[in-house]
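One structure is given below, encoded as structure tokens.
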Amino acid sequence: MKIKSLRLILLLGLPFYTTGQSLLDKLEKEPIDTVANVLGTFQGTRISIGHSVETRKKNTLEVSFMSRYWNVEQESSNSFIADRMCARFGLDYGISDKLTVGAGVGVPNGIFDGYFKYRLAQQKTDNSGIPFGITLVQAGTYRTRRIIGIERRDDFGDKLASTTQLLIARKFTRNFSFQISPTFVHRTSSISSLDDPNHFAVGFGGRYKVSNHVSIVSEYYYVANPLESVETFGAFSLGTNWQVKNLLLQFKMTNNQIFTEDGFITQTTRNFNTRDGNFFFGFHATYHIQL
Amino acid sequence: MNKTLLLFLFICMKSFSQNTEYIERQGEVTFFSYTSVENIQAKNSQTLSILNPKTRQIAVQILMRAFVFQKSLMHEHFNASYIESDLYPKATFEGEIENFNANDALQTKLIKGTFTLRNISKPIEIKATISKADNSYTIKGSLDVLINDYNIKVPALLSPNISKKIEITFNFNYAPYEN
């Protein structure tokens, strides 16, 4: 009996005791929209060398400087730091939160490029809908100079190439994201009849965040039907991304010197290793401006 | 039998007492970080708060993703690197208004309670102005929060850009809670 009445007192007392708690619990039950798009699958619009699923927000402009430095093989040169370098100056602009356009010019290789990318689907924080983000990229390039000499160079129409990519990425944990990118590359001309003007490739890219501002990234592109007239290898990159406020710094080791997708995916003539001629050090700096 | 009746009576009483609560669903919370290098400001207009004038209790829930910045990159960094809203989506406050008189038209009181941000709870005191209209209350005030208290890490390189002390202002308009 004693225990029963004690229990009753406890039961009566409990609601008074928990009133403070229940106010927060009541707020907890309020129907607020907590479902949102997953933020920051990757840090920039490029994972390392290739496009990431990320687009830029509306009215933001990014000014980018991309560069590669390498040594020429079998040459004991007097060059300062590296024998050769190559750069691309680019602009990326967010027309809307889903649509980003960009253009760039490469020196000294003389490649002009432009692209647009559109977010078809986004991964949600509560895992509703599809479990990954999908972005479509369409890029086009114009080569003003010969690079590895696989395209005809008779008139303007011979020097073009286009790349279509479907980027499918998932942020698995807060630190780890992975992307698979089925890619179609079309080149308007080939010198050798052995070379198919159309290439199918698939890219794999991963990011692992080591701190809130630094991540390690890697990418590899597999080409299903590579060029026949020259030996090519899959483009590979291993690097680190460092976000310093408005500035994204990307450092990488890679096996290619070209910044545009059709170039590095299908025309990487070096395998990845650290010997002179094969080893390319890359540095990208991207400055973010809110307009 | 007697006991069930008592319990029933008690539940009735409890639900009756709930009718005295007031709610705000679009409360405004703004924070400022002033430094000589850069001023950062963000506003949240979806803050939830509930007030019980009878028990003088107040509770607030702030959704961290809902802070709107002038610069989209700041929103991304705020959520991803500083507040880590994927791990800690909400900040909460619960407390009591000291010497609160539910019928005064205008009063300035101290609210004492616990503020929880990034799962770290600290006791805080907020000086607030409380005004009462026909069947609604308005509570306004401001407080300072030290980022060190809530283990918000700022890289040394960026420490000139982000103030150690963040000023938070709020403005809540409460209407009767309809359950």
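Below, the figures for the structure above:
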quantity	calculated
Residues of segment A:37-54 satisfying the condition of being modelled with pLDDT under 90 and either among the aromatic types (Phe, Trp, Tyr) or assigned to a strand (DSSP E or B) (or both)	A:Asn37
Test for B:Ala128: is it modelled with pLDDT under 90 and among the aliphatic types (A, V, I, L, M)	no
From B:Gly141, B:Gly113, B:Gly95, residue being crowded, with 18+ Cβ neighbours inside 10 Å and away from every other protein chain (no Cβ under 14 Å)	B:Gly141
Subset tally (residues that are in a loop (DSSP other than H, G, I, E, B) and within 25 Å of A:Glu30 (Cα to Cα)) for segment B:132-179	5
Residues located in segment B:38-74, provided they are assigned to a loop (DSSP other than H, G, I, E, B) and either more than 10 Å from chain A (Cβ to nearest Cβ) or basic (Lys, Arg) (or both)	B:Pro53, B:Lys54, B:Arg56, B:Phe67, B:Lys71
Conditions (1) within 18 Å of the chain's Cα centre (by Cα); (2) small (Gly, Ala, Ser); (3) under 30 Å from A:Asp158 (Cα atoms): number failed by A:Ser189	(1)
Residues of segment A:238-291 that turn out to be of a type in the set (Ser, Thr, Tyr), without any contact (Cβ under 8 Å) to a residue 40 or more places away in the chain and assigned to a strand (DSSP E or B), as a count	1
Residue under evaluation B:Phe78, criteria (1) facing chain A (nearest Cβ under 9 Å); (2) part of a helix (DSSP H, G or I), criterion not met	(1)
Top-ranked residue of segment A:53-93 - restricted to ones that are of a type in the set (S, T, N, Q) and within 14 Å of chain B (Cβ to nearest Cβ), ranked as surrounded by the most Cβ atoms within 10 Å (Cβ to Cβ)	A:Thr55
Among (1) buried (at least 20 other Cβ atoms within 10 Å of the Cβ); (2) without any contact (Cβ under 8 Å) to a residue 12 or more places away in the chain, the one test that B:Asp86 misses	(1)
Lone unmet requirement of (1) crowded, with 20+ Cβ neighbours inside 10 Å; (2) at pLDDT below 90 for B:Phe16	(1)
A:Phe264 being at pLDDT 95 or above and either farther than 20 Å from A:Tyr115 by Cα or in contact with a strand residue (DSSP E or B) (Cβ under 8 Å, 6 or more places away or on another chain) (or both)	no
Candidates B:Ile130, B:Ile62, B:Ile166, filtered to the one that is crowded, with 20+ Cβ neighbours inside 10 Å and either in contact (Cβ under 8 Å) with a residue 40 or more places away in the chain or more than 16 Å from B:Thr30 (Cα to Cα) (or both)	B:Ile130
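For (1) over 18 Å from the mean Cα position of the chain (by Cα); (2) within 18 Å of A:Trp70 (Cα to Cα); (3) surrounded by fewer than 21 Cβ atoms within 10 Å (Cβ to Cβ), each residue gets a yes or a no:
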{"position": "A:Tyr208", "(1), (2), (3)": "no, no, yes"}
{"position": "A:Glu231", "(1), (2), (3)": "yes, no, yes"}
{"position": "A:Phe236", "(1), (2), (3)": "no, yes, no"}
{"position": "A:Thr254", "(1), (2), (3)": "no, yes, no"}
{"position": "A:Thr274", "(1), (2), (3)": "yes, yes, yes"}
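The values are calculated or read from the model by the stated rules, or taken from the named source; none is laboratory data. The shown structure was predicted, so the numbers you read here are calculated from the model rather than taken from an experiment. Don't worry about glycine lacking a Cβ; one is built from the backbone with ideal geometry, like all the others, and counts go over all protein chains shown.
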